[in-house]
Amino acid sequence: MLEIKDLRAEIGGKEILKGINLTINPGEIHAVMGPNGAGKSTLSYVLSGREGYEVTGGSVTYMGEDLLALSPDERACHGIFLAFQYPVEIPGVPSATFLKTALNAQRKFRGEEELDAMEFLKLVREKTAELGIKDDMLKRAVNVGFSGGEKKRNEVLQMALLEPKLMLLDETDSGLDIDALKVAADGVNRLRSPERSALVITHYQRLLDYIVPDFVHVLADGKIVKSGDKSLALELEEKGYAAISAA
Ligand code: ADP
Ligand code: MG
Ligand code: MG
């Protein structure tokens, strides 16, 4: 599904990713943990194609294609979903309009018929009911004045509608209360399937109590310094990053 080989990237001339190697097979959930400033967010931004991040070496292959050659929109339409650490606010655009536009852009890209307002509403109501999300936020401007938990619910709803093949979650747990954390985890767990994969980036172990990963990697100073199974996350919490990175 995703093969990252010796990936190097810089921001403003400073090298942040210093040779990342990571392979994610269909159905697998990988967690990337690491200290602040390690390059975790940079990795997720490079994978999503955000501006300002220059790839200086290596390759990323996604479902047999050169991911780095695709625009951010194309990546999204190909089934990559990035849940941000800090979701953007879009004043004046109701959440429902935003979600419908995103879904129809993807459907159009795939040669599928676009949904009209009624069809969209029916689908979105199915999803909110499944996820236990109140649909009153659909009328409100995207993320404007939303609490951390509401932003997360909105994002989980977007993910449920778009049904991505690869979910990238960047510190989706920071600043969330336990209920919002469970909503986020539930959103990912519901989409878990043999065809879908996820890369879950987190500083803390607690998210991984809810989204149980198949593999855990430690990122430190732009490199993966250790990989293991879910027990590595517990070891990290117990011993701290410094001990693991040095070992
Ligand atoms: P993490 O998510 O692991 O905390 P980041 O990927 O956010 O780490 O940051 C990695 C490094 O890149 C840090 O040293 C940070 O200061 C630096 N960095 C991040 N964004 C920028 C930027 N826009 N310009 C310059 N340096 C940046
Ligand atoms: Mg950080
Ligand atoms: Mg970060």
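Entry remark, the range 140-155: residues being open to solvent by 20 Å² or more (accessible area, probe 1.4 Å), assigned to a helix (DSSP H, G or I) and farther than 27 Å from ILE24 by Cα number 3 in total.
Collect the residues in the range 173-207 that are within 24 Å of VAL46 (Cβ to Cβ) and open to solvent by less than 10 Å² (accessible area, probe 1.4 Å), keeping them in residue-number order. Correct list: ASP173, ALA184, GLY187, VAL188, SER197, ALA198, LEU199, VAL200, ILE201, THR202, LEU207.
Here PRO87 passes the criteria (1) under 16 Å from the mean Cα position of the chain (by Cα); (2) not in a loop (DSSP other than H, G, I, E, B) except the one numbered (2). Considering only residues in the range 39-55 that are charged (D, E, K, R) and closer than 17 Å to GLY19 by Cβ, the one that is surrounded by the most Cβ atoms within 10 Å (Cβ to Cβ) turns out to be LYS40. So is VAL93 open to solvent by 50 Å² or more (accessible area, probe 1.4 Å) and more than 16 Å from ligand 2 (Cβ to nearest atom) or not? No: the conditions fail for VAL93. Looking only at residues of the range 32-55 that are of a type outside the set (Asp, Glu) and over 17 Å from the mean Cα position of the chain (by Cα), we find that the one that is nearest to ligand 2 (Cβ to nearest atom) is ASN36.
For LYS165, the stated conditions do not hold, so it cannot be described as more than 27 Å from ILE29 (Cβ to Cβ) and at pLDDT 90 or above. Of all residue pairs spaced 6 or more apart or on separate chains, those with beta-carbon atoms under 9 Å, a first member in the range 127-140 that is at pLDDT below 90 and a second member that is in a loop (DSSP other than H, G, I, E, B) are MET137/PHE146. Just checking, does the range 18-38 include any residue being surrounded by 17 or more Cβ atoms within 10 Å (Cβ to Cβ), within 16 Å of ligand 1 (Cβ to nearest atom) and polar (S, T, N, Q)? No, the conditions are met nowhere in the range 18-38.
The number of residues in the range 16-55 being away from ligand 3 (no atom under 13 Å from the Cβ) and in a loop (DSSP other than H, G, I, E, B) comes to 7. State which residue is farthest from the chain's Cα centre (by Cα) when the search covers only the range 56-84 and only residues that are surrounded by 15 or more Cβ atoms within 10 Å (Cβ to Cβ) and part of a strand (DSSP E or B). Only one residue tops the list, namely GLY58.
The residues of the range 156-172 that are open to solvent by 10 Å² or more (accessible area, probe 1.4 Å) and within 16 Å of ligand 3 (Cβ to nearest atom) amount to a single one, GLU171.
The values are calculated or read from the model by the stated rules, or taken from the named source; none is laboratory data. This one's a predicted model, so the numbers in the text were calculated from it and none came from an experiment. Heads up, the Cβs are rebuilt from the backbone with ideal geometry, glycines too, and the neighbour counts pull from every protein chain shown. For accessibility, only protein heavy atoms count, side chains too; no ligands or nucleic acids. Shrake-Rupley method; radii C 1.70, N 1.55, O 1.52, S 1.80 Å.
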